[in-house]
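To start, the structure itself, in structure tokens.
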Amino acid sequence: MAIETLFIANRGEIAVRIIRAARQLGIKTVQAYSVADAESLAVKIADEAALIGPPSAAKSYLSIDNIIEAAKAAGADAVHPGYGFLAENATFAARVAEAGLTFVGPSADVISKMGDKVAAREAAKAAGVPTVPGSEGRVASLEEGRKIADSIGYPVIIKAAAGGGGRGIRVANDGAEFERLFSQASGEAAAAFGDGGLYVEKVVHPARHVEVQILGDGTRAVHLFERECSLQRRRQKVWEEAPSAALPATVREALTASAVRLAEAVDYSGAGTLEYLYDETSGDFYFIEMNTRIQVEHPVTEMITGIDLVGEMLKIAGGGALPHRQDEIVRRGHAIEVRLNAEDPANNFMPFPGRIDALRLPGGPGVRWDSMLYPGYEVPPFYDSLLGKLIVWDETREAALDRLGAALSELTIGGLKTTLPLFTALLKAPEVRRGEAHITWLETWLDDNAKHL
């Protein structure tokens with residue numbers, strides 16, 4: 001049955017994005033908000049809003065009880081989790097279903113399976129999808145981890161089995177470093193995700209970070225091509241593109257086919273992303289994890305395919321079958337997204353919340369701005385620093401880069417420091433212009449250039 005009233009259990013720009021997609025489909029929206037977000041754009045444009053708690057995320061956007069109680073009181077029949085917060089929490093998905101509401105995303109069982117990186121690796125192997133050499137499952141002890149690391153060769157990466165976002169990850173270059181970093185990674189993972197489990201993988205270097213967008217209805221899946229997210233700082237993406245400039249056609253075909261194969265093997269429903277490392281030297285690619293939610297960078301895929309991913313999520317959650325055949329999905333041109341954060345890039349990316357005292361937005365063909373900003377808005381200090389995303393499209397990558405430069409020159413966000421100077425500078429870097437940056441390139445570049453931003 002089609003969704004009639006949607007409860008949005010998130011905030012910021014993704015909440016605004018979901019409201020707009022729902023409105024396009026004639027779905028009534030109820031926006032969750034904390035006390036700190038009472039004046040947010042999402043609250044202002046939703047049909048209704050529901051207070052779910054104080055500013056602390058633990059007592060509002062991470063409170064399953066508060067969210068479900070508010071959704072039921074509002075008469076919602078579905079809940080969209082957005083990204084972050086509870087979006088990949090299997091317990092939340094199960095509780096939503098137990099309350100008689102539709103969770104906009106995959107089932108709790110699928111989230112549990114694919115959200116655990118070890119279980120996801122096992123599912124990938126079973127589906128014939130290549131994975132990075134490493135432990136077969138969770139590492140039971142430091143001693144076991146050290147033996148695995150010694151056998152596959154250094155450097156190795158120690159990773160949290162649960163969660164994501166760069167938490168619980170350490171790179172060890174030798175045995176002594178492995179022993180020192182193992183407990184650090186476990187402690188950080190336990191604090192961030194309530195699960196200190198770890199696994200070990202060989203470091204692929206230099207590598208490109210390439211991910212495949214998929215849509216599934218629980219029976220069938222399709223891909224919407226790939227995105228490249230190799231420009232990262234502390235394993236956090238800052239710049240994304242579609243398609244990847246690094247992939248030969250044969251690799252692209254094999255990569256996207258493997259993503260569909262894995263999505264269908266786990267009966268995936270909704271929008272999801274399978275992330276890979278691509279080794280340009282060998283031409284090999286390796287599955288690393290799946291994100292069982294909409295991604296921050298989904299707009300670049302929408303720009304090259306013309307498909308509304310959030311809208312498709314809502315249709316599928318409402319009982320609709322996947323409307324697309326693979327041969328009907330075509331890509332055109334090149335899209336780039338940059339993340340504008342309330343951070344000072346010249347001061348070690350220090351968070352910089354504050355009041356928006358001026359806002360001038362770029363426009364013209366092929367320019368999109370996804371954000372929750374408006375003049376006079378007070379950016380709260382309690383949450384992620386993402387302010388908005390500037391997305392551009394053009395027929396070629398070179399033209400898209402030029403369009404990005406023009407759009408950045410128009411954009412003004414007054415009253416606080418942002419990462420805009422970073423992207424203006426990156427556009428001048430020869431490696432970026434040539435599409436040659438790998439996943440550790442940006443941090444090395446920042447060592448020499450951050451002070452000039």
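The values are calculated or read from the model by the stated rules, or taken from the named source; none is laboratory data. Just so we're clear, the structure is a prediction, and the values are computed from it rather than from any experiment. So basically every Cβ, Gly included, is an ideal-geometry build from the backbone, and we count neighbours across all protein chains shown.
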Quiz item: Can you tell me which residues in the stretch 111-128 are free of Cβ contacts under 8 Å to residues at least 40 places away in the same chain and closer than 17 Å to SER269 by Cβ?
Solution: SER112
Self-check item: Hits in the stretch 211-221 - residues which are of a type in the set (Val, Ile, Thr), part of a strand (DSSP E or B) and surrounded by fewer than 24 Cβ atoms within 10 Å (Cβ to Cβ)
Solution: ILE214
Quiz item: Only one of these conditions is not met by VAL171: (1) modelled with pLDDT under 90; (2) closer than 22 Å to GLU275 by Cα. Which number is it?
Solution: (1)
Self-check item: Filter pass, GLU289 being out of contact with any Gly (no Cβ under 6 Å at 6 or more places or on another chain), at pLDDT below 95 and either part of a strand (DSSP E or B) or closer than 16 Å to HIS223 by Cβ (or both)
Solution: yes
Quiz item: All but one of (1) at pLDDT below 90; (2) under 20 Å from TYR286 (Cβ atoms) hold for GLY194; which doesn't?
Solution: (2)
Exercise. Please enumerate the residues belonging to the stretch 388-438 that are part of a helix (DSSP H, G or I) and touching a Ser or Thr at 6+ places or on another chain (Cβ under 6 Å).
Key: LEU408
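This table checks each residue for (1) buried (at least 24 other Cβ atoms within 10 Å of the Cβ); (2) at pLDDT 95 or above; (3) in contact with a Ser or Thr (Cβ under 8 Å, 6 or more places away or on another chain); (4) hydroxyl-bearing (Ser, Thr, Tyr).
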site	(1), (2), (3), (4)
GLU39	no, yes, no, no
LYS72	no, yes, no, no
ALA76	yes, yes, yes, no
ALA99	no, yes, no, no
ALA108	no, yes, yes, no
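Let's see how each residue does on (1) buried (at least 21 other Cβ atoms within 10 Å of the Cβ); (2) not charged (D, E, K, R):
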| site | (1), (2) |
| --- | --- |
| ARG235 | no, no |
| THR250 | no, yes |
| GLU253 | no, no |
| LEU262 | yes, yes |
| GLU275 | no, no |
| THR281 | no, yes |
| HIS298 | yes, yes |
| ILE307 | no, yes |
| LEU314 | yes, yes |
Quiz prompt | Of all residues making up the stretch 231-284, the number that are part of a loop (DSSP other than H, G, I, E, B), more than 14 Å from ALA207 (Cα to Cα) and aliphatic (A, V, I, L, M) | solution = 1
Quiz item: Hey, among LEU427, LEU420, LEU408, which residue is in the same structural domain as GLU343 (by TED's automatic domain parsing) and closer than 30 Å to PRO55 by Cβ?
Solution: LEU420
Practice problem: For the stretch 182-208, name all the residues that are buried (at least 22 other Cβ atoms within 10 Å of the Cβ) and closer than 25 Å to LEU340 by Cβ. | Solution: ARG208
Quiz item: PHE178 versus (1) buried (at least 20 other Cβ atoms within 10 Å of the Cβ); (2) closer than 19 Å to GLU275 by Cα: which is the lone unmet condition?
Solution: (2)
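Please work out if TRP369 is outside any helix (DSSP H, G or I), surrounded by 22 or more Cβ atoms within 10 Å (Cβ to Cβ) and in contact with a strand residue (DSSP E or B) (Cβ under 8 Å, 6 or more places away or on another chain). Step through it out loud before you land on a result.
Details: outside any helix (DSSP H, G or I): yes; surrounded by 22 or more Cβ atoms within 10 Å (Cβ to Cβ): no; in contact with a strand residue (DSSP E or B) (Cβ under 8 Å, 6 or more places away or on another chain): yes.
Criteria not met by TRP369.
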Exercise. Evaluate the following for MET313: is it assigned to a helix (DSSP H, G or I) and either over 18 Å from ALA124 (Cα atoms) or under 17 Å from the mean Cα position of the chain (by Cα) (or both)?
Key: yes
Quiz item: With respect to LEU255, is the statement that it is within 25 Å of GLY128 (Cβ to Cβ), among the hydrophobic types (A, V, I, L, M, F, W, C), in the same structural domain as LEU401 (by TED's automatic domain parsing) and in contact (Cβ under 8 Å) with a residue 24 or more places away in the chain true?
Solution: yes
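Residues of the stretch 316-331 being part of a helix (DSSP H, G or I) and touching a residue at least 12 places away in the same chain (Cβ under 8 Å), which ones?
Residues satisfying the conditions are ILE316, ALA317, GLN326.
Here are some residues: GLY363, GLY311, GLY318, GLY333. Which one is outside the structural domain of LYS159 (by TED's automatic domain parsing), of a type in the set (Gly, Ala, Ser) and at positive phi?
On the way: GLY363 fails: at positive phi; GLY311 fails: at positive phi; GLY318 fails: at positive phi.
From the options GLY363, GLY311, GLY318, GLY333, the qualifying one is GLY333.
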